[in-house]
Each structure stands twice: as C-alpha cells, then as structure tokens.
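Remarks on the structure that follows.
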Amino acid sequence: MAVLVTGVGYIGSRLVVDLLEHGQEVVAIDNHFSTDAIALERLKQRAGFHFVHGDVGDRQVIQKALGLRPIEAVFSLAAQSSGHPQAADPRYTETTNLLAPRLLLDAMLAYGIETIVFASSLRVYGNALPSTVNAETPYGRFSDLSHLSKCYVEKLLEMYATLHGLRCLSLRLGVVHGVAPIMKTDYRFMTAPNKFCLQLVRGEPIQIYAAGHATTGYIHVADASAAMMAVARQSDLTGYAILDVFTEVTSAHAVAAQVAWIGRARGLRAEVMVEGAFPAEEPSPPARPALAGQQLEERNLMRHSLSEVMSYYQCASS
Ligand SMILES: NC(=O)c1ccc[n+]([C@@H]2O[C@H](COP(=O)([O-])OP(=O)(O)OC[C@H]3O[C@@H](n4cnc5c(N)ncnc54)[C@H](O)[C@@H]3O)[C@@H](O)[C@H]2O)c1
C-alpha cells in the first residue's frame, strides 16, 4: 500500500524523502503554487514516488491521485501556508485551506482510507504559546486567513472522526527550521529562522517586528517529519486526536540574535532591524520542553540547524 502526501513543499519534501527511505511508496499532489517544478525534479526521479500535478481543491485531481495506487493513509500538507498579506488572494487561501480538506475527507470515505495526518499549527493558540497547552486550551486570536483556516480543518477532522469513524490526527507544528530537500527563497513562504539566515547571507538586514517578542514553539524539519510518520503508525491514536509538536521554545527576536551571532562569527555583516529592545550579547539557548518518549537529535536543535541553513544559503548563492 502507498500513502498520499498533499503539498510537496518545504516540510512535505522532507516527509516524502523519509517515507521513501522507509520503503514506503508515495503518491503526491502539488500545483506548484509556492514550490516550482524545477525544485521537484530531483524528487520525481526517485523510485516509488508518483507525482500528480494539480490542485488539491479539484475533486478530479484527488481522484486521479487515489486511483494511482491503493492508499492506506493521507498526509495533508497542501495549503496556502503563509500569513504574509501578499502571499495569495484570500479566495485562493479559502479554496485551498477550507474546501480542499473537505474534498479530501469525502474522497477518503469513497476510497475506504481511514487515516489522515494533518499539518496544523501551534498558531491556533495565537501568536504566543500559552504556558501550558493541551486539548482543552482554547483557540487564540488570529491575524491571517492561513492560520485561522487550521481551526476550521481541525473541527472538520473532529466531525469526520465522529460521524464516519475516520482516524484524524492533527499535529500542531511549531515554527519549522532546518535544511530540507526543497528550500524556499521567497520570503513570503519562509519561516522566520530560515528567512533570517537568507537575509544575512544576502547582506540584508534581518527584519523582525514587535510581535517577534512573543515566544512560541520551534521544531526541526526532520523532527516534524518524524513526528508525522510516528503518529500515523501509532495504533493507540484513534478517532480525532490533536498533538502539539515542538522541541524548543523561543522568540523570533532570540532566533534573530542567534543568526546574527553565527553570521558575525563567519565574518558576515549582521544588521538587525527590530522594533523594541534587542539582546546585545550572545543569546542563551532556547528552552527545550521534554517530549515524552521522543529521542531528540542534538544536531536538530536550533543552534546547529541555523548554522546548517546559513551554510546551505551561502553555498547556493556562491
Ligand atoms: N513551515 C512551518 O513552520 C509550519 C508550521 C506549522 C504548520 N505548517 C503547515 O505545514 C504545511 C506545509 O508547510 P510548508 O512550510 O511546507 O509550506 P509550503 O508552502 O512549502 O508547502 C505547501 C505546498 O502546498 C502546495 N500547494 C499550495 N496550494 C496548493 C493547492 N491548491 N493544490 C496543491 N498543492 C498546493 C504548494 O505549492 C507547496 O508546495 C502547511 O499546511 C503549513 O500550514 C507549517
């Protein structure tokens, strides 16, 4: 049996590679909205990978993908993932982020597929992460349609789990960082840690905003992918379940300080444009919450990952 991955972008590309390396056949859908065709070329050469170019909001595209191989689980990552005001027309965000997940769930019922793993976001709690989070923590405030849409899809998953007995697992991912098979260079579709590294490599000031003081959860792309694969296999997770997935808690300000520190050590000019106070000294490492039962790789922590991302962009631009 194969799995379906919708959205082969930054996180999806890492997930696809990890699934293939575990011997899993993968069918994937992407419409090249924020990932261009060239970036996907190398992945398309891999054995066991079947790519459908098309819109996940189009029922026929979903049917085409589900008809390619018998599918045992769906990983739903296709989304207009950016909160940037110029990322997309609001209608596009609504069609992709609200309509498409419903079409996907209906298709799962028609094809007898029971499990869906959804890439939700810690931002459902608002900009800052509350000191404790669990299934009872209420949704926070929103400032963009992309993150707001995660609440709708979570309630949709809950409804399909209750009404139809589907296994609907929502992973609330922290801000993802690190080097993945597909790396973005368009700031609108980049997460803060990777964007700060690219700004520094390009000799531009690192730009952070007042809201960058807020602390939230962060996770390496490899750990995000591993978590998605692990929950799909975890047989005691049935019905609708939500899981918070992050390994470190810090703020965009502290991440920018870390990036500037690493850049200066490499002889790069590191200017930080920030609203509000900014730490002048080497930042202390971010707090790291204990993740039950999860073995964390030291090299996936932010201080190593930022160095890798910076090296990646230095290499790519030379
Ligand atoms: N990156 C993060 O820090 C983070 C954190 C929490 C949650 N998430 C969620 O994880 C998922 C993946 O995020 P990412 O960072 O890899 O984003 P990304 O933009 O790199 O990947 C999304 C992919 O979906 C594709 N896509 C967009 N609209 C589509 C459509 N209508 N039909 C088919 N494909 C479409 C894009 O071309 C892109 O390749 C998203 O749902 C995002 O909201 C990301």
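The values are calculated or read from the model by the stated rules, or taken from the named source; none is laboratory data. Predicted model only: the values in this text are computed from it and were never measured. Heads up, the Cβs are rebuilt from the backbone with ideal geometry, glycines too, and the neighbour counts pull from every protein chain shown. In case anyone asks, the SASA skips ligands and DNA or RNA and just uses the protein heavy atoms, side chains included. Shrake-Rupley method; radii C 1.70, N 1.55, O 1.52, S 1.80 Å.
Round to a whole number: what % of the accessible area of the chain belongs to carbon and sulfur, probe 1.4 Å? Walk me through the intermediate numbers first.
Numbers: 7430 of 14460 Å².
Ligands and nucleic acids excluded, carbon and sulfur reach 51 percent.
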## Note on the structure
Applied in sequence order to the stretch 312-318, the curve 6.51 cos²θ - 1.76 cosθ + 1.60 (Karplus, θ = phi - 60°) yields integer Hz couplings, x standing for Gly and Pro, of 4, 6, 5, 5, 5, 9, 8
### Query
Which far-off residues, 5 or more places away or on another chain, put their amide H under 5 Å from the one on Ile206, with H placed in the peptide plane?
Glu271, Val272, Met273
#### Entry: For Ser121, residues with placed amide H under 5 Å, excluding near neighbours
Leu173
### Message
Assuming 0.36 nm per residue, please report the length gained on full extension of the stretch Arg266 to Gln63 beyond their Cα-Cα distance.
### Response
68.1 nm
### Message
Students often get this wrong: which residues of the stretch 113-136 have the backbone nitrogen under 17 Å from the point 7 angstrom along Cα-to-C-beta of Glu72?
### Response
113-117
### Task
For the chain, set up a Gaussian network in which alpha carbons nearer than 10 Å are linked by springs, and say which option among Gln80, Gln258, Gln24 fluctuates the most.
Gln24
### Query
Which value, in Å³ per residue, describes the convex hull spanned by the Cα atoms of the stretch 101-207?
138 Å³
### Task
State, to one decimal in nm, how far the label point of Arg233 lies from the label point of Asp186, with both points 7 Å from Cα in the Cβ direction.
3.5 nm
### Message
Per residue of the stretch 227-233, what does 6.51 cos²θ - 1.76 cosθ + 1.60 with θ = phi - 60° give for ³J(HN,Hα)? Whole Hz please, x for Gly and Pro, Karplus curve as stated.
### Response
5, 5, 5, 5, 5, 4, 8
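To one decimal place, what orientation-averaged projected area in nm² is obtained for the convex hull of the Cα set of the chain? Mind dumping the intermediate values first?
Working: hull surface 62.8 nm².
The directionally averaged projection comes out at 15.7 nm².
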## Note on the structure
The correct pair for the stretch 146-197, radius of gyration to one decimal and Dmax as a whole number, both in Å and from Cα atoms, is 15.4, 45
### Query
What share of Cα pairs, in percent, lie more than 22 angstrom apart in the stretch 3-118?
28 percent
### Query
Quick one: how many lysine pairs in the chain have C-alpha atoms under 25 angstrom apart, if they're 8 or more apart or on different chains?
5
#### Entry: FRET efficiency, Glu204 to His53 (Cβ-Cβ, R0 51 Å, nearest 0.05)
0.95
### Query
For the stretch 60-109 and the stretch 1-28, what is the separation of their C-alpha centers, rounded to whole Å?
15 Å
#### Entry: Residues whose placed amide H lies under 5 Å from that of Glu248, excluding near-sequence neighbours
Tyr218
### Query
With contacts defined as alpha carbon pairs under 8 Å and 6 or more residues apart, what's the relative contact order of the chain in percent?
18 percent
### Message
If I histogram all Cα-Cα distances within the stretch 55-153 using bins 5 Å wide from 0, what percent of pairs lands in each bin?
### Response
2, 12, 21, 20, 17, 13, 9, 5, 1
### Message
Could you tell me which residue out of Val5, Ala135, Ala316 lies farthest along the dipole of the chain toward its positive end? Charges go on the beta carbon: Lys and Arg +1, Asp and Glu -1, centred on the Cα centre.
### Response
Ala316
#### Entry: FRET efficiency estimate (nearest 0.05) - Cβ-Cβ, Arg91 to Arg303, R0 41 angstrom
0.50
### Peptide ranges 153-160, 126-133, 25-32, 183-190 listed from the most packed, as the mean C-beta count within 10 angstrom indicates
25-32, 153-160, 183-190, 126-133
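Could you give the accessible area per residue of the stretch 105-165, probe 1.4 Å, as a whole number in Å²?
Numbers: 3100 Å² over 61 residues.
Roughly 51 Å² per residue, with all protein chains present.
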